[in-house]
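K.L.:
Can you read through this structure? Questions will come right after.
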Amino acid sequence: MSVKSRKRLLRAKIESTYGTDPTPAGTDAVLVRSLEVTPLQSDVVERELIRPYFGNFEQLLANQHVEITFEVELAGSGTAGTAPKWGPIFRACGMGETIVASTSVTYAPVSSSLESCTIYFDNDGILHKITGCRGSYSMTCEVNEIPVISFTMMGIYNAPTDTALPTATYTDQASPLLFRTGNTSSFSIFSYSGILQSISLDMANETVYRELIGATKEVLITDRKPAGEVVVEAVSLATHDFFTDATSTSTGGLSFTHGTSAGNIVAFSSPQTDLGAPSYSDQDGIQMITLPYTATPSSGNDELTFTFT
C-alpha cells in the first residue's frame, strides 16, 4: 500500500532524561509546514581491501542520526500563561522557558543544563522516533506574510516501525496573524520607530552529533551566534543616522510586538544589538535600507527574549 505524503504528523515532548523517550501522544501534535526529514544521516566508512579485481567496497554506516527541518507559525497558545505547543522544540534549541501563570511565557537563551526533546515523525503509518533532539532555529517576518520560526533539529536514530497514525489533537497553537499594520506594533531599532518591511533572526546554534566509546550518543549545542537583518524605509540622516549607529561602538535595542489578543501576543526584544554595514535597495521606487545586526549578551544569556502574553 502506498504511503501518502499528505498523511504526516509531527509530535514533540520534552525529555526528563536525555535520550529517554517520553512517548509523545496525539495531544502532543504540533502544526508544522515545510516538513523535510533525512531519516538516516550517517558517515560512510568503506572497507578498502586489496583485491585482484575491480568493484565497489562494502560500506559501513557510522554516526547514525536523524535530521529534520520544519516551520511553525509564530503564534501563541491562545491562553496567556500557557506555553505554545511547539515550546518543547524551542526549549531543545537552547531556550529556557519561564511561565507566569495566567500571564506570560518567556523564552530566553541558556548556556547550561540544556534540554532535549523527542520528536515522533509519523509518515502515514511509518513511525520514526527521534530521541535526544537538539537544534537551532531562525525567525522570518515579512510584511503581509505569516511570520514563522524555522527549526533545524538533529536527533538519535531509532529503527522505524509500522505503527498506525494516532488521533491528533491540536491544542495550544492559536491561529496566526499576518505581519502588517494593525497586527504588528511597537517596532523600534536604536530608539527609532521606522517603517518596517521585514525582520529576521538566525539563532545560529552550533550543533554537533557525537558518538564516542564509553559515552552516550548525544547531540550537543556548543555555541550560538544570533544575528539577522532589519529592512526599513530609508530616511534622512537628520531623522535617524544608521551609519553613525553602525560605525560607533555603541549597541542599541531592537524590538517589536506581534498580535492583538491575549494569549496570542508575542514581544521580541534584543536589547544589545550591534549593527553591521547598512545597504540600500529599491522597493516600489522607494529606497529601503537593510540593517544587518548581531544580538550580543550583556551579563550573559540576555541577547534576546520572546515573551508570549
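K.L.:
Quick one: in segment 23-38, of everything that is in a strand (DSSP E or B) and touching a Phe, Trp or Tyr at 6+ places or on another chain (Cβ under 8 Å), which residue is surrounded by the fewest Cβ atoms within 10 Å (Cβ to Cβ)?
P.N.:
From segment 23-38, those in a strand (DSSP E or B) are 29, 33-38; that's our starting set.
Subset that is touching a Phe, Trp or Tyr at 6+ places or on another chain (Cβ under 8 Å): 29, 33-37.
Details: Ala29: 22, Arg33: 11, Ser34: 11, Leu35: 15, Glu36: 9, Val37: 19.
If we take residues in segment 23-38 being in a strand (DSSP E or B) and touching a Phe, Trp or Tyr at 6+ places or on another chain (Cβ under 8 Å), then Glu36 is surrounded by the fewest Cβ atoms within 10 Å (Cβ to Cβ).
K.L.:
Does segment 100-113 include one or more residues that are among the β-branched types (Val, Ile, Thr) and in contact with a Cys (Cβ under 6 Å, 6 or more places away or on another chain)?
P.N.:
no
K.L.:
With (1) buried (at least 22 other Cβ atoms within 10 Å of the Cβ); (2) touching a Pro at 6+ places or on another chain (Cβ under 9 Å); (3) not aliphatic (A, V, I, L, M) as the list, and Arg134 as the residue in question, which single condition is left unmet?
P.N.:
(2)
K.L.:
Another question, if that's okay. Which of the residues spanning segment 158-201 are of a type in the set (D, E, K, R) and farther than 22 Å from Gly76 by Cβ?
P.N.:
The answer is Asp162, and nothing else.
K.L.:
Out of (1) surrounded by fewer than 21 Cβ atoms within 10 Å (Cβ to Cβ); (2) more than 23 Å from Pro166 (Cβ to Cβ); (3) among the charged types (D, E, K, R), what's the single condition that is false for Asp124?
P.N.:
Asp124 satisfies every listed condition except (2).
K.L.:
Taking into account only those residues within segment 46-61 that are surrounded by fewer than 10 Cβ atoms within 10 Å (Cβ to Cβ) and not charged (D, E, K, R), which is nearest to the chain's Cα centre (by Cα)?
P.N.:
The selected residue is Asn56.
K.L.:
Go through Val148, Val143 for me and flag whichever is in contact (Cβ under 8 Å) with a residue 24 or more places away in the chain and touching an Asp or Glu at 6+ places or on another chain (Cβ under 6 Å). Before the answer, list the steps.
P.N.:
On the way: Val143 fails: touching an Asp or Glu at 6+ places or on another chain (Cβ under 6 Å).
From the options Val148, Val143, the qualifying one is Val148.
Conditions (1) touching a strand residue (DSSP E or B) at 6+ places or on another chain (Cβ under 9 Å); (2) part of a loop (DSSP other than H, G, I, E, B), marked per residue:
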{"position": "Leu10", "(1), (2)": "yes, no"}
{"position": "Asp21", "(1), (2)": "yes, yes"}
{"position": "Val44", "(1), (2)": "yes, no"}
{"position": "Pro52", "(1), (2)": "no, yes"}
{"position": "Val66", "(1), (2)": "yes, no"}
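K.L.:
Residue by residue through segment 101-117, note down the ones that are more than 18 Å from the chain's Cα centre (by Cα) and over 21 Å from Gly78 (Cβ atoms).
P.N.:
Listed by number, the residues that qualify are Ser112, Ser113.
K.L.:
Let me ask another. So which of Tyr137, Tyr120, Tyr107 is in contact with a strand residue (DSSP E or B) (Cβ under 8 Å, 6 or more places away or on another chain), among the aromatic types (Phe, Trp, Tyr), in a strand (DSSP E or B) and more than 22 Å from Ala204 (Cβ to Cβ)? Steps first, please.
P.N.:
Numbers: Tyr137 fails: more than 22 Å from Ala204 (Cβ to Cβ); Tyr107 fails: more than 22 Å from Ala204 (Cβ to Cβ).
Exactly one residue qualifies, and that residue is Tyr120.
K.L.:
Here is a further query. Take Thr222 and tell me if it is under 30 Å from Ala267 (Cβ atoms) and free of Cβ contacts under 8 Å to residues at least 60 places away in the same chain.
P.N.:
Taking the combined requirement at face value, the residue satisfies it.
K.L.:
Follow-up. Any residue that is under 26 Å from Ser5 (Cβ atoms), of a type in the set (Gly, Ala, Ser) and not in a strand (DSSP E or B) - is there at least one of those in segment 170-186?
P.N.:
Yes, the conditions are met somewhere in segment 170-186.
The numbers here are math on the coordinates, done by the rules we state, and not lab data. On a predicted model such as this, the values are computed, not experimentally measured, just so you know. Cβ: placed from backbone, ideal geometry, glycine included. Neighbour counts: every protein chain shown.
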